[in-house]
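Everything on this sheet refers to the single structure shown next.
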Amino acid sequence: MEMVAHEPEKSAFSDSTDDATVRDDALRSRSGEDSEVPTAAPETEARCKKLTEERDELERKLKTSDTEARCKKLTEERDELERKLNISVSQYNSLTAERDELERKLKTSVSQYNSLTEERDELERKLKTSDTEARCKNVTEERDELERKLNISVSQYNSLTAERDELERKLKTSDTEARCKKLTEERDELERKLNTSVSQSKSLTEERDKLKRINSDTEARCKKLTEERDKLERKLKTSVSEAEARCKKLTEERDELERKLNTSVSQYNSLTEERDKLKKAMNTTGWVYFSNSVYYISSTKKTWQGSRDDCLQKGADLMIINSKEEQDFTRHLKGHVWIGLSDRETEGTWKWVDGTPLTTSYWAINEPDGSEYREEDCVKVMHHNMERNWNDKPCDESNFWICEMKLLL
Ligand SMILES: [Ca+2]
Ligand SMILES: [Ca+2]
Ligand SMILES: [Ca+2]
């Protein structure tokens, strides 16, 4: 009977032990550790310490990153932070899942615990009627110990959870805000630079357009100048061509003139030669050369008209005295010789035989003395020793005469 009574008691004890094992498992799951409950706290602390270090490292990096201005480094840091944030989020999700799992297990444990408590109460009630109070007391002590440990673990779990949540909050708020602020500043700086660049770009575009316009104007002017230059070149070419033609024509004219000059010189030489021959010939036939004229002095006497007729017959005429030299030449003649001067047409108006009027005269003293009443209309030279030796005489008087033939050369 006692054995029978003992079996249920042992069975009850075994069940009670199993219940404790279940509670331990529940506690281990609740603390997130696989180890025994007493060792759960140090590892959690280590994890907490690690998280604290990470937080401090993050805060340190956040502080030091304030001094960094370059976009690349900040971006790298941001990426690193994002990576870490992702890891933290992942860890957070994992912890949340673990927490949910723990809560689920805790609920189960609590349910089991309640069930076990009821069973225990039932057993205690049963044990009261048995002799196993000592065992019951022992079991009660064990239970109290387990409850104490469970409370400690729950407290640690809550503390760690609170700390983790605080870290996550700080990580989210401080990190995100600082990063957001920094990124906002970076964005503003980049926007400012962008605006500056846009402004510079606009300025450069305007400058480029201005230069394009100037270039266009210059090209237009260049084109115009090129056209003008081509026009001038064509004109120059035409002018050169015309000048060459004129030069050629002038050269031809010069050559023609040179040819004519040569011909003239040749003719001049020929004529000079002929003149010299004539002079020589005339000197031997009564003609005398003097100052580009040849003179014939008669050896007989005739009236003035008879004398003139003789001269005309010789291809000459009575002498016309045109210069002082010719006047002096008459002084070498033998005396009283008719010359070609008369006033037969109009009394007092002296004319040479070629029709020219008398301008320079060499009348002898008191000459001319002819008048309407004293008919003296023809002139002769006399007195070789007189510088002025002209005298008017009646035309029918007989005198020697002098013919003059002007030479062309
Ligand atoms: Ca003369
Ligand atoms: Ca007269
Ligand atoms: Ca007279």
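FYI, it's all coordinate maths here, none of it is from the lab. What you are looking at is a predicted structure, and each value in this text was computed from that prediction instead of being measured. Cβ coordinates were reconstructed from backbone atoms using ideal geometry, including for glycine residues, and neighbour counts include every protein chain displayed.
Could you give the dipole magnitude of segment 286-406 about its Cα centre, charging the beta-carbon of Lys and Arg +1 and that of Asp and Glu -1, in debye to the nearest 20? All intermediate terms of the calculation are to be shown ahead of the outcome.
Numbers: 14 positive and 21 negative charges, 106 e Å.
Its charge dipole is roughly 500 debye.
Across all directions of projection, what mean area in square nanometres is found for the Cα convex hull of segment 286-406? Display every interim value, and only then the final one.
Numbers: hull surface 27.2 nm².
Quarter of the Cα hull surface area: 6.8 nm².
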Cross-link pairs beyond the 28 Å C-alpha cut-off, checked among LYS279/LYS324; LYS277/LYS314; LYS324/LYS406; LYS224/LYS248; LYS172/LYS193; LYS73/LYS181: LYS224/LYS248; LYS172/LYS193
Loop GluC sites (Glu not before Pro), segment 293-368, which have at most 16 other Cβ atoms in a 10 Å radius of their Cβ (DSSP): GLU345, GLU347
Built amide H within the under 5 Å cut-off of SER293, gap 5+: LEU407
Amide H partners (placed H, <5 Å) of GLY335, local residues excluded: none
Inter-part distance where segment 324-375 and segment 91-112 are each reduced to a Cα centre, Å: 176 Å
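Test of the criteria: in segment 369-409, which chymotrypsin sites (Phe, Trp or Tyr not before Pro) are in a DSSP loop and have at most 14 other Cβ atoms within 10 angstrom of their Cβ? Could you put the intermediate results ahead of the total?
Numbers: sites: TYR373, TRP390, PHE400, TRP401; in loops: TYR373.
Filter output for segment 369-409: TYR373.
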Order by protection proxy (mean Cβ within 10 Å, highest first), peptides 215-224, 304-313: 304-313, 215-224
